[in-house]
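Contents: one structure, followed by commentary.
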Amino acid sequence: MAAGVVVGMAESVVSAVVPGAGCGESARIPVAGGVSPRAFPLAEVPESVGVSSWVFGMGRVDASGRVGDRAVVAALGWGRAQRCELGVLAGSVLLRAHPDGLYGLSGAGYVVVPARARSRCGISPGDRVLLAGSPRQGVLLVHPPVVVEAALAERHAAVLGGEPR
């Protein structure tokens, strides 16, 4: 502290909140004003249907269309020399491994979405896109935010107890 500066501090007692050993109402510890916090119900974990055949990642799209994520590309086993066919289907970009494909990865091994495909899917620089790759099918899908939002609308409504928007 600087010389000659006096700092006043009010002393207050803060009681520690220690979880009870039991569960239920008896385990709640009152907080300020004697009010117990309301506990959220535990989420139900869906039964596993086995190992997923898809690999997911998120990446930001730069001004040249490069998607800043290589994890899905690596999971597909694609290298820098990978050639692909490219199409736009249902608002998403589809890349399919093909030896005679017209499209390839960047020199550093990133997916690059061409300007025309970005325009058709409404992908802008700075958007974060969902990458979904299927090693079994040799495909990679680039889903723009609007497609992800639409796909998850019902799920979000079910979780939050409302209507899809």
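Give the relative contact order (percent, whole number) for the stretch 55-152; include only Cα pairs under 8 Å separated by 6+ residues.
Worked out over the stretch 55-152, it gives 35 percent.
What value does the stretch 55-152 have for Rg/Rh, both radii from Cα atoms and Rh as Kirkwood defines it?
Numbers: Rg = 12.0 Å, Rh = 13.0 Å.
Here the Rg-to-Rh quotient is 0.92.
Below 8 Å between Cα atoms, with a sequence gap of 6+, how large is the relative contact order for the stretch 119-165 in percent? Intermediate results must be reported in sequence, preceding the final value.
Values: 36 pairs, mean separation 12.4, N = 47.
Relative contact order, the stretch 119-165: 26 percent.
Taking the simple approach of a point 7 Å from Cα along Cα-to-Cβ for both residue 52 and residue 159, what is their distance in nm?
1.2
What order, most packed first, do the peptides 79-92, 57-70 have when packing is the mean number of other Cβ atoms within 10 Å of each residue? Each step should come with its number before you reach the end.
Numbers: 79-92: 14.6, 57-70: 17.3.
Highest-to-lowest ranking by the protection proxy: 57-70, 79-92.
Across the stretch 86-94, in residue order, what do the Karplus-derived ³J(HN,Hα) couplings come to in whole Hz, using 6.51 cos²θ - 1.76 cosθ + 1.60 with θ = phi - 60° and x for Gly and Pro?
With coefficients 6.51, -1.76 and 1.60, one gets 10, x, 10, 10, 6, x, 10, 8, 10 Hz.
All of the numbers you see were taken from the coordinates with simple rules; none came from a lab. Small disclaimer: the values here were computed from a predicted structure and weren't measured. Quick reminder, even Gly has a Cβ in these numbers, built from the backbone with ideal geometry, and neighbours come from all protein chains shown.
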